[in-house]
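First up is the structure itself, then whatever we jot down about it.
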Amino acid sequence: MSKSNTILYLDGVSVSFDGFRAINNLSLVLDKGEMRAIIGPNGAGKTTMMDIVTGKTRPDEGEVFFDGQVDLTRHDEAEIAMMGIGRKFQKPTVFESHTIEENLMLALKGPRSIFPALFHRQSAAEARQIDDILGIIRLGDKRRELAANLSHGQKQWLEIGMLLAQDPKLLLVDEPVAGMTDAETEETARLLRDIARDHSVIVVEHDMHFVRELGVKVTCLHEGSVLSEGTLDFVSADERVVEVYLGR
Amino acid sequence: MSGRFFAAGADRRIAITIFVLLAVAVIVPLLNLAVSPTSAFYVPSYIVALTGKYLCYALLALSLDLVWGYCGILSLGHGAFFALGGYAMGMYLMRQIGSRGVYGNPILPDFMVFLNYKELPWFWTGFDHFWFAGLMVLAVPGLLAFIFGWFAFRSRVTGVYLSIITQAMTYALLLAFFRNDMGFGGNNGLTDFKDILGFNVQADATRSALFAASAIMLALAVVITWAIVGSKYGKLLMAVRDAESRTRFLGWRAENIKLFAFTVSAVMAGIAGALYVPQVGIINPGEFEPSNSIEVVIWAAVGGRGTIVGPIIGALLVNAGKSWFTGVLPEFWLFALGGLFVAVTLLLPKGIIGMWDSWRGNARALRAASLAEEAGTEVGIASATSKPARSPARNPGEWSWSDPEPQAAE
Ligand SMILES: Nc1ncnc2c1ncn2[C@@H]1O[C@H](COP(=O)(O)OP(=O)(O)OP(=O)(O)O)[C@@H](O)[C@H]1O
Ligand SMILES: [Mg+2]
């Protein structure tokens, strides 16, 4: 298969932890500009797949390519982040002892070395970007509050906001609506659809209602490899998917 | 809101500390030198020397605060950087003795003559110049911290493992400096100093000057630490402390962020050691003792880490306590120190400063509450009646059961 028009290309990827194969000969291709939803039972390897793409876990075998030509297995987390892959963790992870604004400031695209950070003064352009993002994630009125004081759902949004500040080409979003109300969930689906207009996105979710809202191609993982792939209707009609996941 | 209030309170506290240190740097020497010994305001020379020593300890505690309080690196080896700075200064002071030593050798310090050295070891060259020694005070601890941190942070050694290897580092240096053939005076270390920059180290005026230098240097270190912590880099330092992997996935190199703070901190510790040695008149391998480094951690914990001011207060109080205790009940000091550490960890996890803040916060909240009560008794009654009345809980679980607050999922 050609890698040329792909943003993410995984082929024959496997990884074991103490003999347990968490990812097993996984192949997955994401086109440029595509948004994909990934579903699958607990322990299917969804988070581990993101760990591999972002450099946290090295695959034992297989190819992982970004943007058609960059071999991600040769780079570490910081390098991969700088190439333009952003990630939201399954458990929302923000800097709790910093304010919302400061969280976004640290995520904002820009130089990543020590001395510029030591002498950094916020520019008008940066302030505007932060204002824009605060508007998008609806936390403008809380900008000076500590992130520790946010609700679970708001932390999820802040983390998505940090992703936006990073301005990556590819966003990996792990369970963004866990702990959200129905209204917040719908809002998040709208936000991700917006983001997907000019970014490539992978969303992992268990919430089928939310996945339907996204309205994109779905991949179901099971025991570390792809079980089924297609429209949500196609995948949810797949007997194997019903058996291991939806039917429970 | 309250976070902001405390931030403003913390800034004011730091500014006051800087002001007090600068004032003390002027006033104490004046009270020692210009006031007659019979006056009630006279500060005796031994107090000047003792408090000067405490200020060096405070600088050491502050240097630990930068890495431990703000970046979560629990170094149990900061005493090593302190001692190395002290040795660099000690070597300068040794060379200043010249031919006034017991053996009268114009080049070789007494211990070298005694150990049959024929010439000065190469690493002693240059130490007859103050500027060179001063440079080494910064460079040697800084370089050691840089090399140590380079390997440790790159291989992602964190937490208790990192603490253990810092402890191993200071222990290795202790053993090395005990050896006579290392060329640093072995067991006895460096002592019998005569002059610093041409002034007699024992003279009152010199002691006062060293005291003032320590206070000013501590004030300067507070300014620098404050600036670092307040910068975007400082925010990163805390971000690495709270969620290291998050910073990596944002593209930051957590190892470099730690390395910079660790190196700056080691340089500060080295300066503290260099100011300490002329005031106490000796530097020996005992300063590398692992327990010394652990004591520094206790000072910072007692005062309150991550507050800049806390570790300074902790160092001053614990050492004043130590001086008092070792005078009255010398054999109980270590028990008292251990007990203090346990008590602080259990009762005051945020140290003295943290206790002060929460006390102030409570007082403020109480005042606000009583004001609100006066202003809005009717509102309070109205809202109480509009809610369905809760029957008294029969068991403690019931209150939380009926609590409508949504719980955050983990
Ligand atoms: N670092 C690790 N060490 C050992 N085992 C691991 C590690 N990371 C993941 N695993 C295991 O790999 C399997 C896949 O885990 P993963 O977190 O990728 O699942 P998931 O699909 O994200 O599940 P969930 O829906 O619960 O988030 C699990 O059995 C997990 O225990
Ligand atoms: Mg997962």
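The values are calculated or read from the model by the stated rules, or taken from the named source; none is laboratory data. Note that the coordinates shown come from a computational prediction; the quantities given were computed from them, not determined experimentally. Cβ atoms come from the backbone with ideal geometry, glycine included; neighbour counts cover every protein chain shown.
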Subset of the range A:157-188 [away from ligand 1 (no atom under 16 Å from the Cβ), in contact with a strand residue (DSSP E or B) (Cβ under 9 Å, 6 or more places away or on another chain) and either in a loop (DSSP other than H, G, I, E, B) or away from chain B (no Cβ under 13 Å) (or both)]: A:160, A:167, A:168, A:169
In the range B:225-261, residue farthest from the other protein chains (Cβ to nearest Cβ) [restricted to those that are over 23 Å from residue A:51 (Cα atoms) and without any contact (Cβ under 8 Å) to a residue 12 or more places away in the chain]: B:230
Residue in the range A:27-50 that is within 16 Å of ligand 1 (Cβ to nearest atom) and within 14 Å of chain B (Cβ to nearest Cβ) present: yes
Criterion violated by residue A:28 - all others in (1) under 21 Å from residue A:175 (Cα atoms); (2) within 15 Å of ligand 2 (Cβ to nearest atom) satisfied: (2)
Wholly enclosed helices (runs of 4 or more DSSP H) of the range A:100-151 bearing at least 1 residues at the interface with chain B (Cβ under 10 Å from one of its Cβ atoms): A:100-107, A:114-118
Test for residue B:210: is it out of contact with any strand residue (DSSP E or B) (no Cβ under 9 Å at 6 or more places or on another chain) and either surrounded by fewer than 20 Cβ atoms within 10 Å (Cβ to Cβ) or closer than 28 Å to residue B:99 by Cβ (or both): no
Residue A:57, sole failed condition from (1) over 23 Å from residue A:196 (Cα atoms); (2) without any contact (Cβ under 8 Å) to a residue 60 or more places away in the chain; (3) more than 16 Å from ligand 2 (Cβ to nearest atom): (3)
Every pair of residues 6+ apart whose Cβ atoms lie under 6 Å, when the first sits in the range A:167-190 and is surrounded by fewer than 18 Cβ atoms within 10 Å (Cβ to Cβ) while the second is charged (D, E, K, R) and assigned to a helix (DSSP H, G or I): none
Among the candidates A:230, A:247, A:153, residue that is more than 16 Å from ligand 1 (Cβ to nearest atom) and over 24 Å from residue A:45 (Cβ atoms): A:153
Residue match in the range B:211-222 (condition: under 26 Å from the mean Cα position of the chain (by Cα) and either of a type in the set (S, T, N, Q) or within 14 Å of chain A (Cβ to nearest Cβ) (or both)): yes
Tally of residues being within 16 Å of ligand 1 (Cβ to nearest atom) and over 17 Å from the mean Cα position of the chain (by Cα) across the range A:85-118: 0
Candidate set from the range A:62-87 (those that are free of Cβ contacts under 8 Å to residues at least 60 places away in the same chain and among the acidic types (Asp, Glu)); member that is farthest from the other protein chains (Cβ to nearest Cβ): A:63
Qualifying strands (runs of 3 or more DSSP E) (wholly inside the range A:1-96; at least 3 residues being β-branched (Val, Ile, Thr) and buried (at least 22 other Cβ atoms within 10 Å of the Cβ)): A:6-17
Sole residue being on the phi < 0 side of the Ramachandran plot and surrounded by fewer than 24 Cβ atoms within 10 Å (Cβ to Cβ), chosen from B:15, B:61: B:15
Residue within the range B:149-166 that is of a type in the set (Val, Ile, Thr) and touching a helix residue (DSSP H, G or I) at 6+ places or on another chain (Cβ under 7 Å) present: yes
Residue check, residue B:99 without any contact (Cβ under 8 Å) to a residue 24 or more places away in the chain and either under 22 Å from residue B:272 (Cα atoms) or part of a helix (DSSP H, G or I) (or both): yes
Test result for residue A:64, within 16 Å of ligand 2 (Cβ to nearest atom) and among the aliphatic types (A, V, I, L, M): no
Given (1) under 30 Å from residue B:199 (Cβ atoms); (2) in contact with a Lys or Arg (Cβ under 6 Å, 6 or more places away or on another chain), number of the condition residue B:101 does not satisfy: (2)
Options B:251, B:310: the member that is at pLDDT 95 or above and touching a Lys or Arg at 6+ places or on another chain (Cβ under 7 Å): B:251
Qualifying residue in the range A:190-204 (condition: in contact with a His (Cβ under 9 Å, 6 or more places away or on another chain) and assigned to a helix (DSSP H, G or I)): no
Output for the range B:300-331, where each listed residue is in contact (Cβ under 8 Å) with a residue 24 or more places away in the chain, crowded, with 19+ Cβ neighbours inside 10 Å, of a type in the set (A, V, I, L, M) and part of a helix (DSSP H, G or I): B:300, B:301, B:302, B:309, B:312, B:313, B:315
Sole residue being assigned to a helix (DSSP H, G or I), away from chain A (no Cβ under 14 Å) and of a type in the set (Val, Ile, Thr), chosen from B:297, B:264: B:297
